[in-house]
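Structure first, then comments.
Every number here is computed from the coordinates shown, using simple stated rules; none is lab data. Everything numeric in this text was worked out from a predicted model, so none of it was measured. When we count neighbours, we look across all protein chains shown, and the Cβ atoms used for this are built from the backbone with ideal geometry, even at glycine.
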Amino acid sequence: MIMVMDSKVRAITRSDVVTIDEDSTVEEAAKLMGSKGIGALAVTRNGRIVGIITERDVLKRVVAEGRDPKLTKVRDVMTSPPITVGPDTTIREAIDLMNRRRIRRLLVEEEGRIVGIFTQRDILALTRICLYCVKEVSLLAPTDDGEPLIVCGCGAIYHKSCATTVVYCLDCSTRLIEVIRAPAPEDTLAGD
Ligand SMILES: [Zn+2]
Ligand SMILES: [Zn+2]
């Protein structure tokens, strides 16, 4: 049932890793994170990724300590080497590592190269609960239990059969299914 935990990190890795050179200032890093709407940058030295700097690093190691972001270099506050996992690590192992190291994102390394990044939020987004039957629904393997899904405009998710039962979204009262069609006899197991 809980397939997500046994899935590989590869399935949630995003390859759009944004980088910054280690000689850049923390102010430049903060601006880049802001303009891209992300919470971390991979840090490069001669074009090779050697570390990671996060929003939290900027707050804890620069702002909270009264250092000037214009004068502080990224290399002075980054975490280096970065904590990485391989693409074939399971999500269960990745969560365990994040918890132990108290970090919220991991870089993915394959054959000595950083190939991507993912965050705790990417993992959480994989697992949803059907609002009617309260069973876990894996978005990685939605047909896991052979059940098609219906996603309401409000984001609530239902098994199709559950949506047929409630008809109106339990969360926002939107009608989930416009026409409830009685299944054709050949679509059912009835009549054996
Ligand atoms: Zn359900
Ligand atoms: Zn809804």
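Observations, loosely collected:
- Eligible lysines near Lys160 by straight Cα distance, threshold 30 Å, same-chain separation 8 or greater: Lys8, Lys135
- For Gly86, the residues whose modelled amide H falls within less than 5 Å of its own, excluding neighbours fewer than 5 places apart on the same chain, are Glu109.
- As an equivalent ellipsoid, segment 100-140 spans semi-axes of 29, 12, 7 angstrom, where each value is the square root of five times an eigenvalue of the C-alpha gyration tensor, largest first.
- Here each label is just a point 7 Å from Cα along the line to Cβ, and for Arg102 and Lys160 those points are 4.8 nm apart.
- Every helix of 4 or more DSSP H residues in the chain counts as -39500 (n - 2.57), and over all residues that averages to -5500 deg cm²/dmol at 222 nm.
- Helix 26-36 and the longest principal axis of the C-alpha atoms of the chain enclose an angle of approximately 20°.
- Cα centre as origin, Lys/Arg/Asp/Glu Cβ charges: the chain dipole, Debye: 820 debye
- Reported value for the chain: 163 Å³ per residue, from the convex hull of its C-alpha atoms.
- For segment 1-111, convex hull of alpha carbons as volume per residue, Å³: 108 Å³
- Counted by Cβ distance under 9 Å from Met98, the other residues give a net charge of +4, where Lys and Arg count +1 and Asp and Glu count -1.
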